[in-house]
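Enquirer: Structure below; questions to follow.
The values are calculated or read from the model by the stated rules, or taken from the named source; none is laboratory data. Every value quoted in this text rests on a predicted model; they were computed, and no experiment measured them. Cβ atoms come from the backbone with ideal geometry, glycine included; neighbour counts cover every protein chain shown. Accessible surface areas use protein heavy atoms only, side chains included; no ligands, DNA or RNA. Shrake-Rupley method; radii C 1.70, N 1.55, O 1.52, S 1.80 Å.
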Amino acid sequence: MNKTRLEAFSDGVLAIIITIMILEIKVPHGHEFADLKPLIPKFLSYILSFIYVGIYWNNHHYLLHGLSRVNAKIMWANLHLLFWLSLIPVATGWMGEHNFAKAAMAFYGIILLLSAIAYVILQKTVLDVEGKNSALAKALGKDLKGKASAVLYSVGIIASFYNEWISGAAYFIVAMSWLIPDKRIERAFISKN
């Protein structure tokens, strides 16, 4: 398979995920600004999830940028990632609908953690094809930010049963740490050419 086809399919799925999330926010029946107040939790959860999907889209682009060929393992690892990401709208909707309730926050964190694990699996599968001495492997290094993210997701999941604010802060910190695109891969391929 051509990597362009894999990228196009993934881009389409991610676009649909974002579309589903925004469709969860219903137009208020009233015509006053006060009628928007019940939408605040839904909108905040949408913003956070939009950022997360955007981060995955961005990093997925960079990960596949240096890919020389696609095999069945990469296609299945990519589908595995897309599966977990496709559950983000459900977790987002539940979290926003119930004002960041404990169970909803835990579920959201579990989906984020499983998405991160799926991304690591995809990353490893791509590195298996490209090789341990590839520009991609050198750019990724030890991926300390990825490991720290998994720890913070776990903290957020556990904290959700005690304090939703701490849980939300953990998820927010991870999102903010990845919001600025990771330029390691871009730099590696620029210096290679």
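Enquirer: By how many degrees, 0 to 90 and rounded to 10, does the Cα axis of helix 3-23 deviate from the longest principal axis of the chain?
Expert: Value to nearest ten degrees: 10.
Enquirer: Roughly how much of TYR62 is accessible, in Å² to the nearest 10, using a 1.4 Å probe?
Expert: 30 Å²
Enquirer: For SER68, what accessible surface area do you get with a 1.4 Å probe? Give it in Å², rounded to 10.
Expert: 90 Å²
Enquirer: Related question: Sorted by accessible area with a 1.4 angstrom probe, largest first, how do MET21, MET176 fall? Can you show the working numbers first?
Expert: Numbers: MET21 5, MET176 65 Å².
Largest accessible area first, the residues go MET176, MET21.
Enquirer: Here is a further query. Using alpha carbons only, how many degrees (0 to 90, rounded to 10) separate the axis of helix 40-65 from the longest principal axis of the chain?
Expert: Orientation of helix 40-65: about 0 degrees from the principal axis.
Enquirer: Also, I was wondering about something else. Could you work out how far the C-alpha centroid of the stretch 45-65 sits from that of the stretch 120-176, in angstrom?
Expert: 13 Å
Enquirer: Here's something else I'd like to know. How much of THR19 can a 1.4 Å solvent probe reach, expressed as accessible area in Å² and rounded to 10?
Expert: Number for this one is 70 Å².
Enquirer: Based on alpha-carbon atoms only, what is the radius of gyration of the stretch 1-119 relative to the globular estimate 2.2 N^0.38 Å?
Expert: Working: Rg = 16.4 Å, N = 119, 2.2 N^0.38 = 13.5 Å.
Dividing the Cα radius of gyration by 2.2 N^0.38 Å gives 1.21.
Enquirer: Which whole-number percentage describes the relative contact order of the chain, with Cα contacts under 8 Å and a sequence gap of 6 or more? Before the final figure, lay out the partial values.
Expert: Details: 205 pairs, mean separation 48.7, N = 193.
Over the chain, the number comes to 25 percent.
Enquirer: Now a separate question. How would HIS80, HIS29, HIS65 rank on accessible area, largest to smallest, probe 1.4 Å?
Expert: Values: HIS80 65, HIS29 190, HIS65 95 Å².
The residues order as HIS29, HIS65, HIS80, largest area first.
Enquirer: Please give the contour-minus-distance gain from HIS61 to ALA148: 0.36 nm per residue of separation, less the Cα-Cα distance, rounded to one decimal in nm. Can you show the working numbers first?
Expert: On the way: separation 87, 0.36 × 87 = 31.32 nm, distance 2.15 nm.
Net length gain for the segment: 29.2 nm.
Enquirer: Now for a different question. Over the chain, average the accessible area per residue using a 1.4 Å probe and give it in Å², no decimals. Present the calculation step by step, with values, prior to reporting the outcome.
Expert: Numbers: 10830 Å² over 193 residues.
Per residue, the chain has 56 Å² of solvent-accessible surface.
Enquirer: Taking loop as defined by DSSP and a crowding limit of 10 other beta carbons within 10 Å, which trypsin sites (Lys or Arg not before Pro) in the stretch 28-90 fit?
Expert: Numbers: sites: LYS42, ARG69, LYS73; in loops: ARG69.
Within the stretch 28-90, the qualifying trypsin sites (Lys or Arg not before Pro) (loop, at most 10 other Cβ atoms within 10 Å) are ARG69.
Enquirer: Working from Cα positions, state the angle (0 to 90°, nearest 10) between the long axis of helix 102-130 and the longest principal axis of the chain.
Expert: 10 degrees
Enquirer: From the protein chains alone at 1.4 Å, what is the descending order of accessible area for TRP57, TRP76, largest first?
Expert: Working: TRP57 130, TRP76 175 Å².
Output order, biggest surface exposure first: TRP76, TRP57.
Enquirer: Moving to a separate point now. Summing -39500 (n - 2.57) over the DSSP H runs of n ≥ 4 in the chain and dividing by its residue number, what mean residue ellipticity at 222 nm do you reach, to the nearest 500 deg cm²/dmol?
Expert: On the way: 9 runs with 148 residues, N = 193.
The helix contribution divided over the chain gives -25500 deg cm²/dmol.
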